[in-house]
Amino acid sequence: MNARGQGGFALLALLLLLGVSGVVAVAALERVVRPDTEQAVTTSQRLAAVAATARQVFRASGAFPTRLDNVAAAAQLDAAGAWRADPWRPGVDLDYRVRGRDLTVRSTGPDRRLNTADDVTLTVDDEPLVRLRQRARLRVLRAVLAASSLRTTWTMSAAENAAMRAAMRDYAAARRAWLTTDAAGRPALTTRMDDAQATVDALASAHGLPTMPTRLTGNSGLLQALGLTAARAVDGLGRALQIDPVLGFLASGSDRRRNTDDDM
């Protein structure tokens, strides 16, 4: 075999060797990378599933499940199922905590230790969930008020009925803006609320509508006047609603405090 032939054979042998080595290297890399990739995907799926169930429970009850066992009961899951296990620590549950207004579900991540930089965390804020519950309840209650003898009568024209409803809507919009604006913007919004209330009061007086009750429950309370039970006097978090002379019903938001920017 001449020198050129020998050189060609050597090059082919080298390429074959490199090819085999490459396959071995890829296989070894897959053994390392693929499990980590699968664990990362599984972690995301389990965190998302737990959070989704917790959201559903909140929408129904106004509170997050306090433990993973409660999540299992709510979703009719196997209480000892793999869905609750941290993929990075077989046999150990995901870290599940309800803290104040939020729910946090956490996995340790690849280092298998909590509260380190590679933790995988999913946080569910209760504010949008509270707003959904509050909005649904308040819409029903305010609609009943707007259609009641406290806000309309047969002597009112279509234009006056429309003015009454518009004044209530404007008052609500100005009040929401007042809660979220700065001190400089509040005087104009206060005037707007006063004007809306004056329209409501003037229409009520002109048509001899009953006086708005000053309390929600009990004899002569607003709920009784509307033919509603006292069970309606709670907000989306199970706390007592407040009474308002124009809107009838007010609710605190997720911060559980009155007259703050998340009130409704």
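Taking region 54-68 on its own, how many of its residues are more than 11 Å from the chain's Cα centre (by Cα), surrounded by fewer than 16 Cβ atoms within 10 Å (Cβ to Cβ) and over 16 Å from Ser254 (Cβ atoms)? Looking only at that region, the number is 3. Of the strands (runs of 3 or more DSSP E) contained entirely in region 87-185, those carrying at least 2 residues that are among the basic types (Lys, Arg) and not assigned by TED's automatic domain parsing to the domain that holds Gly236 fall at 95-99.
The single condition among (1) assigned to a helix (DSSP H, G or I); (2) under 22 Å from the mean Cα position of the chain (by Cα); (3) not hydroxyl-bearing (Ser, Thr, Tyr) that Val41 does not satisfy is (2).
One line per residue, one yes/no per condition, for (1) modelled with pLDDT under 90; (2) not hydrophobic (A, V, I, L, M, F, W, C):
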{"residue": "Gly62", "(1), (2)": "yes, yes"}
{"residue": "Pro65", "(1), (2)": "no, yes"}
{"residue": "Leu77", "(1), (2)": "yes, no"}
{"residue": "Trp88", "(1), (2)": "no, no"}
{"residue": "Arg99", "(1), (2)": "yes, yes"}
{"residue": "Arg106", "(1), (2)": "no, yes"}
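Taking the options Thr43, Thr53, name whichever one is farther than 15 Å from Leu103 by Cβ and modelled with pLDDT of 90 or more. Being farther than 15 Å from Leu103 by Cβ and modelled with pLDDT of 90 or more holds for just one of Thr43, Thr53, which is Thr43.
Restricting Val71, Val120 to those that are surrounded by 12 or more Cβ atoms within 10 Å (Cβ to Cβ), within 16 Å of Gln45 (Cβ to Cβ), touching a residue at least 60 places away in the same chain (Cβ under 8 Å) and not hydroxyl-bearing (Ser, Thr, Tyr) reduces the list to Val120.
Per-residue answers, yes or no, for (1) more than 13 Å from Leu141 (Cβ to Cβ); (2) touching a strand residue (DSSP E or B) at 6+ places or on another chain (Cβ under 6 Å):
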residue	(1), (2)
Val200	yes, no
Thr214	yes, no
Ser220	yes, no
Gln224	yes, no
Leu241	no, yes
Pro245	yes, no
Phe249	no, no
Gly253	yes, no
Asn259	yes, no
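Considering region 198-252, and only residues there that are part of a loop (DSSP other than H, G, I, E, B) and among the hydroxyl-bearing types (Ser, Thr, Tyr), the residue that is nearest to Thr180 (Cα to Cα) turns out to be Ser252. Candidates are the residues of region 130-151 that are within 26 Å of the chain's Cα centre (by Cα) and either within 21 Å of Arg46 (Cα to Cα) or of a type in the set (Lys, Arg) (or both); the one that is surrounded by the most Cβ atoms within 10 Å (Cβ to Cβ) is Arg133. Any chance region 194-217 includes a residue that's surrounded by fewer than 13 Cβ atoms within 10 Å (Cβ to Cβ), touching a Ser or Thr at 6+ places or on another chain (Cβ under 9 Å) and hydroxyl-bearing (Ser, Thr, Tyr)? There is at least one residue in region 194-217 that is surrounded by fewer than 13 Cβ atoms within 10 Å (Cβ to Cβ), touching a Ser or Thr at 6+ places or on another chain (Cβ under 9 Å) and hydroxyl-bearing (Ser, Thr, Tyr).
The values are calculated or read from the model by the stated rules, or taken from the named source; none is laboratory data. Every value quoted in this text rests on a predicted model; they were computed, and no experiment measured them. For neighbour counting, all protein chains shown are included, and Cβ atoms are generated from backbone atoms with ideal geometry for every residue, glycine included.
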